[in-house]
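Participant: Supplied in structure tokens, the structure appears directly below.
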Amino acid sequence: MKTAEKNLKYFLDSKVAAYNQPSFINADPVCIPRMFTKKQDIEIAGFFAAVFAWGNRQTIINKSKELMHLMDDAPHEFCMNGDLERLKKLEGFKHRTFNATDLLYFVSFLQYHYSQYDSLEDAFSKWMNADDVNIETALNGFHHYFFSLEDIPARTKKHIAAPFRKSNCKRLDMFLRWMVRKDNAGVDFGIWHKIKPSQLVCPVDVHVAKVAKRLHLLQRKQIDWQAALELTEHLKTFDADDPVKYDFALFGLGVIEKYY
């Protein structure tokens with residue numbers, strides 16, 4: 001590794017250490033799954049918090065908490081045992097373009113999935129091959145699986161991204177980071193084991209992309225799936241086993257420090 005690359009790695013490692021901290025949790029959507037201890041509740045709460053994660057972070061957190069309260073702060077039990085009267089509680093829910101129609105389909109899918117599997121991990125991992133270098137097949141497979149039920153509202157498809165649709169899949173990449181990465185910092189959960197941290201792809205939004213371009217970690221103009229892969233490949237030169245830990249650094253530099 002050249003001196004400039006070593007210096008950049010040292011800089012990014014220092015920012016990971018600064019932002020991969022429990023103090024980071026309360027102002028980030030990861031605080032929503034952190035409200036729970038039951039594995040399935042963590043998965044469902046994290047999934048919704050990630051799906052809602054565009055726009056103002058405090059609004060994302062507030063709307064996620066609102067939904068958890070509507071689900072009696074027991075999302076897994078609610079999804080599995082929600083009768084018609086309980087489901088009516090969801091009818092007025094809305095977050096930006098995500099409305100009750102979308103929410104009821106999401107609940108239907110979660111009920112369907114958890115009736116067959118113990119963990120939401122299988123909804124992603126079962127599509128992967130042993131030699132997959134990243135989660136692309138997992139995300140594409142999940143999209144097809146998620147929309148395999150009958151009577152899919154056409155409007156709902158925009159809420160689940162997939163690489164084959166040219167999306168950067170930022171929100172699902174973030175969700176998988178929460179579930180798969182494990183360290184001693186107490187932010188990410190590390191409760192999934194069929195997907196490796198080395199297979200994760202770094203979440204990319206406009207803030208992360210600006211920082212990555214300033215640091216010469218990203219050249220691609222479009223912020224799409226190929227950009228996410230390009231950035232992740234660069235990050236693997238710093239840590240091949242855990243490249244997505246640098247999401248903490250890039251996010252902190254972009255959103256908090258405005259390092260453009």
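The values are calculated or read from the model by the stated rules, or taken from the named source; none is laboratory data. Source: prediction; values computed, not measured. A quick note on method: Cβ atoms are made from the backbone with ideal geometry, for glycine too, and the neighbour counts reach across all protein chains shown. These accessible areas exclude ligands, DNA and RNA; they are computed on the full protein's heavy atoms, side chains included. Shrake-Rupley method; radii C 1.70, N 1.55, O 1.52, S 1.80 Å.
Participant: Taking only the stretch 9-24 into account, find how many residues are surrounded by 15 or more Cβ atoms within 10 Å (Cβ to Cβ) and outside any helix (DSSP H, G or I). Give the derivation first.
Facilitator: Taking the stretch 9-24 first, the residues surrounded by 15 or more Cβ atoms within 10 Å (Cβ to Cβ) are 9, 12-13, 15-16, 18-20, 24.
In the following step, the residues that additionally are outside any helix (DSSP H, G or I) were identified as 20.
Final tally of qualifying residues: 1.
Participant: Here is a list of conditions, (1) in a helix (DSSP H, G or I); (2) at pLDDT 95 or above; (3) touching a helix residue (DSSP H, G or I) at 6+ places or on another chain (Cβ under 9 Å), and residue 119 meets all of them except one; can you say which number that is?
Facilitator: Condition not satisfied by residue 119: (1).
Participant: Inside the stretch 190-220, can you point out the residues that are modelled with pLDDT under 95 and farther than 16 Å from residue 15 by Cβ? Break it down into steps so the answer makes sense when it comes.
Facilitator: Just the residues of the stretch 190-220 that are modelled with pLDDT under 95, to begin with: 205-207.
Answer for the stretch 190-220, where residues must be modelled with pLDDT under 95 and farther than 16 Å from residue 15 by Cβ: 205, 206.
Participant: Follow-up question, since we're still on this one. If I ask for residues that are in contact with a Phe, Trp or Tyr (Cβ under 9 Å, 6 or more places away or on another chain), open to solvent by 10 Å² or more (accessible area, probe 1.4 Å) and of a type in the set (Ser, Thr, Tyr), which ones from the stretch 28-69 would you list?
Facilitator: Answer for the stretch 28-69, where residues must be in contact with a Phe, Trp or Tyr (Cβ under 9 Å, 6 or more places away or on another chain), open to solvent by 10 Å² or more (accessible area, probe 1.4 Å) and of a type in the set (Ser, Thr, Tyr): just 59.
Participant: Going by the structure shown, is residue 241 within 17 Å of residue 176 (Cβ to Cβ), of a type outside the set (S, T, N, Q) and open to solvent by 40 Å² or more (accessible area, probe 1.4 Å)?
Facilitator: Working: within 17 Å of residue 176 (Cβ to Cβ): yes; of a type outside the set (S, T, N, Q): yes; open to solvent by 40 Å² or more (accessible area, probe 1.4 Å): yes.
Yes; evaluated as a whole, the condition is true for this residue.
Participant: Still on this structure, please answer the following. Quick test for you: out of 105, 114, pick the one residue that is over 20 Å from residue 154 (Cα atoms), among the hydroxyl-bearing types (Ser, Thr, Tyr) and open to solvent by less than 70 Å² (accessible area, probe 1.4 Å). Talk me through it step by step, then tell me what you get.
Facilitator: Numbers: 105 fails: over 20 Å from residue 154 (Cα atoms).
Only one candidate qualifies: 114.
Participant: Scan the stretch 70-93 and give yes if some residue there is under 19 Å from the mean Cα position of the chain (by Cα), open to solvent by 70 Å² or more (accessible area, probe 1.4 Å) and touching a residue at least 12 places away in the same chain (Cβ under 8 Å), otherwise no. Reasoning before the result, please.
Facilitator: The initial filter retains those residues of the stretch 70-93 that are under 19 Å from the mean Cα position of the chain (by Cα), namely 75-76.
Filter again for open to solvent by 70 Å² or more (accessible area, probe 1.4 Å), leaving none.
Checked the stretch 70-93: no residue is under 19 Å from the mean Cα position of the chain (by Cα), open to solvent by 70 Å² or more (accessible area, probe 1.4 Å) and touching a residue at least 12 places away in the same chain (Cβ under 8 Å).
Participant: Checking residue 6 against (1) assigned to a helix (DSSP H, G or I); (2) modelled with pLDDT of 95 or more, which test does it fail?
Facilitator: (2)
Participant: Please tell me if residue 182 is in a loop (DSSP other than H, G, I, E, B) and free of Cβ contacts under 8 Å to residues at least 40 places away in the same chain. Let's see the steps before the verdict.
Facilitator: Working: in a loop (DSSP other than H, G, I, E, B): yes; free of Cβ contacts under 8 Å to residues at least 40 places away in the same chain: yes.
When the stated conditions are applied, residue 182 passes them.
Participant: If I ask for residues that are open to solvent by 40 Å² or more (accessible area, probe 1.4 Å) and either on the phi > 0 side of the Ramachandran plot or at pLDDT 95 or above (or both), which ones from the stretch 246-260 would you list?
Facilitator: Keep residues of the stretch 246-260 that are open to solvent by 40 Å² or more (accessible area, probe 1.4 Å), which gives 256-260.
If the condition is that a residue be open to solvent by 40 Å² or more (accessible area, probe 1.4 Å) and either on the phi > 0 side of the Ramachandran plot or at pLDDT 95 or above (or both), then 258 is the only one that fits.
Participant: Same structure, new question: Looking only at residues that are of a type in the set (D, E, K, R) and open to solvent by less than 80 Å² (accessible area, probe 1.4 Å) in the stretch 127-140, which one is farthest from the chain's Cα centre (by Cα)? Break it down stepwise before answering.
Facilitator: Of the stretch 127-140, the ones of a type in the set (D, E, K, R) are 131-132, 136.
This time we only want the ones that are open to solvent by less than 80 Å² (accessible area, probe 1.4 Å), so: 132, 136.
Values: 132: 19, 136: 14 Å.
Checking each candidate, the answer is 132.
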